[in-house]
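Trainee: I am attaching a structure below and will ask some questions about it afterwards.
The values are calculated or read from the model by the stated rules, or taken from the named source; none is laboratory data. In this text, all values refer to a predicted model and were calculated from it rather than measured experimentally. For neighbour counting, all protein chains shown are included, and Cβ atoms are generated from backbone atoms with ideal geometry for every residue, glycine included. The protein model used for the area step is the full one, side chains on, heavy atoms only, and it has no ligands, DNA or RNA in it. Shrake-Rupley method; radii C 1.70, N 1.55, O 1.52, S 1.80 Å.
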Amino acid sequence: MAPSGGVPPFGPGEGRRPGRAARRRARRLSPPLPQRDGLDAVRWLVPRDAPAGPAASMLLARFPALADPAATPLADRFAAGEVVDARGRAWAAGDPVVGGDELWFHRELRAEEVPAEPLPILFHDEHLLVIDKPHDVATMPRGAHVLASALVRLRRRTGIEQLVPLHRLDRRTAGVLAFGVRPEERSAYQQLFAKREVDKRYEALVLPGPGCTLPRGVGERAELADRLEKRRGELIARIVPGAPNAHTELEVLAAGDSEGEGPAEGRALLLGLRPRTGRTHQLRLQLSSRGAPIAGEDLYPDPSPEPAGPLQLLARSLAFTDPVTGQAREFRSGRVLGGLARGEAPGI
C-alpha cells in the first residue's frame, strides 16, 4: 500500500538517524532459537544475586508450569537439547547455572481456537503495519490468548518476525493498533507515545446511572482528572487521593432515547474521548467512577466473570508526525459502537 499523506518518504540517509538505544539493540546477539509459530523463545536471565544450582531445578523454580503433567517432562527437553544458552549451546539438566547466565527455550502451547478471519489491515509499508483490531483480541500473547493474539497472527500472516506493537490496546478494546516493522526504528516510534506526541481519539458507549456526573447534552464537554494507581499483581486500578496523573478530554457525541422516552439517567451516551495520559484502564475507570460505566464493562466498579457482550470502547484514530519519514500520519477505525455510532462523529 502507498504511504498515507502526500509527502514522499525520505531517500536513503535523509530520515532521522536511529537513536543510541536503537543502535545498541541492533548490535546485540540474535536470539539463539528461531521463532516458532510466530512466538519468540522464552529468555530467562538468571539474577546476579541468585545462588548457583543445577540448570533443571533452577529453571523449574522460576517457571513452575514446566512441571505440568500435560507438558513434556523437563528432563526430556534438556536431553533433546531444547534448552540453550545465549550462543545456542545446549544446557544439560545438571549443568551448574550462576547469576548472569541465560536459558532459552520454547513454551509448549495448549490447544487454542484461532479465528479464521484475518485481522483487518488499515495500512502497511516498510515502517508500519496498522490494523483495525476487533474486540476481545489480545495485542500480545499472554495467558490463554497466545496463538490468537494480534501479534502472533500478524507475524504468521506476514512473515515479519521482528514485528512488535508500538503501544498498548487492551484485549477488550477494539480499534486502531500500530505495529513497528523494523527493530532499529522501534524506539523512535515508541518515544512518540511515551512523550504524548500522538493524538489518540476514542469513542465509548456508556450507560449513565442515577448518580452520573457527566454532561448529557450533545456537544457538551468535560475534563476528567484523577490520580490512578495499579499495584503489581492486582487486576484493577483504583482512584486514590493525590495530584492527578490521568487526564482525559470528553465530548458527548450522541444521546440515546432522543424522543425523550424514559428517565434521563437511562439514556445511553456516545462519548468522544481524548486521553492526554495513558494509564492502565484509564478511560474505563474514569467513566465508571462518575456513574457512567461503558456498556459491556466487567471490571469497574466490580469485577464480573461474565461480561455482557463486547466492551463498547473503540480506539477511533491515531495521528502523529512520523519520526522516520517526516510524514503526517492518521489512521481511523471503520468500526461502530452499538446503535448510537454515527459514522464521522465530530471530534473533540
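Trainee: Give the shape of the stretch 43-98 as rounded, prolate or oblate, defined through the alpha-carbon gyration tensor: a ≥ b ≥ c are the square roots of its eigenvalues, a/c under 1.5 means rounded, and otherwise the shape is prolate if a/b is larger than b/c and oblate if not.
Mentor: Oblate.
Trainee: Quick one: accessible area per residue over the chain, 1.4 Å probe, rounded to a whole number of Å²? If you can, show how the numbers build up before the last one.
Mentor: Working: 18380 Å² over 348 residues.
Counting only protein heavy atoms, the per-residue value for the chain is 53 Å².
Trainee: Now for a separate question. For THR173, enumerate residues with amide H under 5 Å from its amide H, sequence gap 5+ or separate chain, H modeled in the peptide plane.
Mentor: Residues meeting the amide H criterion: ASP136.
Trainee: Another question about this same structure. With all protein chains present and a 1.4 Å probe, how do LYS200, LYS195 order by accessible area, largest first?
Mentor: On the way: LYS200 45, LYS195 125 Å².
Largest accessible area first, the list is LYS195, LYS200.
Trainee: Please name which of LEU60, PRO210, THR280 has its Cα lying farthest along the dipole of the chain towards the positive end, using unit charges on Cβ (Lys, Arg +1; Asp, Glu -1) and the Cα centre as origin.
Mentor: Projecting each Cα onto the dipole axis, the largest value belongs to LEU60.
Trainee: Hey, what do the phi angles of the stretch 175-186 turn into as Karplus ³J(HN,Hα) couplings, whole Hz, using 6.51/-1.76/1.60 and θ = phi - 60°, x for Gly and Pro?
Mentor: So the Karplus estimates, Gly and Pro as x, are x, 6, 9, 9, 10, x, 8, 9, x, 6, 9, 4 Hz.
Trainee: Just to confirm my numbers, what's the Cα centroid distance between the stretch 109-137 and the stretch 287-339 in Å?
Mentor: First find each Cα centre; the distance between them is then 17 Å.
Trainee: Rounding to the nearest 20 debye, state how big the charge dipole of the chain is about its Cα centre with +1 on each Lys and Arg Cβ and -1 on each Asp and Glu Cβ. Intermediate values should be presented prior to the final figure.
Mentor: Working: 50 positive and 44 negative charges, 271 e Å.
Charge dipole of the chain: 1300 debye, to the nearest 20.
Trainee: Over what distance in Å are the Cα centres of the stretch 229-258 and the stretch 177-225 separated?
Mentor: When both Cα centres are located, 11 Å separates them.
Trainee: Further, regarding this structure: For Cα pairs less than 8 Å apart in space and 6+ apart in sequence, what is the mean separation divided by the residue count of the chain, i.e. the relative contact order in percent? Before the final figure, lay out the partial values.
Mentor: Numbers: 680 pairs, mean separation 59.3, N = 348.
Relative contact order of the chain: 17 percent.
Trainee: When the Karplus curve 6.51 cos²θ - 1.76 cosθ + 1.60 is applied with θ = phi - 60°, which whole-Hz ³J(HN,Hα) does each residue of the stretch 152-160 get, with x for Gly and Pro?
Mentor: Calculated HN-Hα couplings, in order: 5, 4, 6, 4, 5, 6, 9, x, 8 Hz.
Trainee: Residue by residue through the stretch 196-212, which ³J(HN,Hα) values in whole Hz follow from phi under the Karplus form 6.51 cos²θ - 1.76 cosθ + 1.60 (θ = phi - 60°), with glycine and proline marked x?
Mentor: 6, 9, 10, 8, 9, 10, 10, 10, 9, 9, 10, 10, x, x, x, x, 4
Trainee: LEU122's amide H: which non-local residues (gap 5+, or another chain) put their own amide H closer than 5 Å, with H modeled 1.01 Å from N in plane and none for Pro or chain starts?
Mentor: VAL130, ILE131, ASP132
Trainee: Accessible area of the stretch 75-179 with a 1.4 Å probe: how many percent of it is carbon plus sulfur? Please report the intermediate quantities before stating the final value.
Mentor: Working: 2370 of 4880 Å².
So the carbon and sulfur contribution to the accessible surface is 49 percent.
Trainee: Note down the nm distance, to one decimal, between modelled labels 7 Å out along Cα→Cβ at ALA319 and at GLU117.
Mentor: Each label point is offset 7 Å from its Cα along the Cβ direction, giving 2.9 nm.
Trainee: I've got another one for you. Using Cα springs under 10 Å in a Gaussian network model of the chain, which residue among ARG48, ARG335, ARG110 shows the largest mean-square fluctuation?
Mentor: With Cα springs under 10 Å in the chain, the top fluctuation among ARG48, ARG335, ARG110 is at ARG48.
Trainee: Moving on to the next point. Quick query: amide H of LEU33 versus all other amide H atoms, modeled in the peptide plane; which residues come in under 5 Å with a sequence gap of 5 or more or a different chain?
Mentor: none
Trainee: Considering only DSSP beta bridges where both residues belong to the chain, give the percentage that are antiparallel (nearest 5).
Mentor: Close to 95 percent.
Trainee: Can you give the calculated 222 nm mean residue ellipticity of the chain, where each DSSP H run of n ≥ 4 adds -39,500 (n - 2.57) and the sum is split over every residue, rounded to the nearest 500 deg cm²/dmol? Spell out each step's value before the answer.
Mentor: Numbers: 6 runs with 47 residues, N = 348.
Rounded to the nearest 500, it is -3500 deg cm²/dmol.
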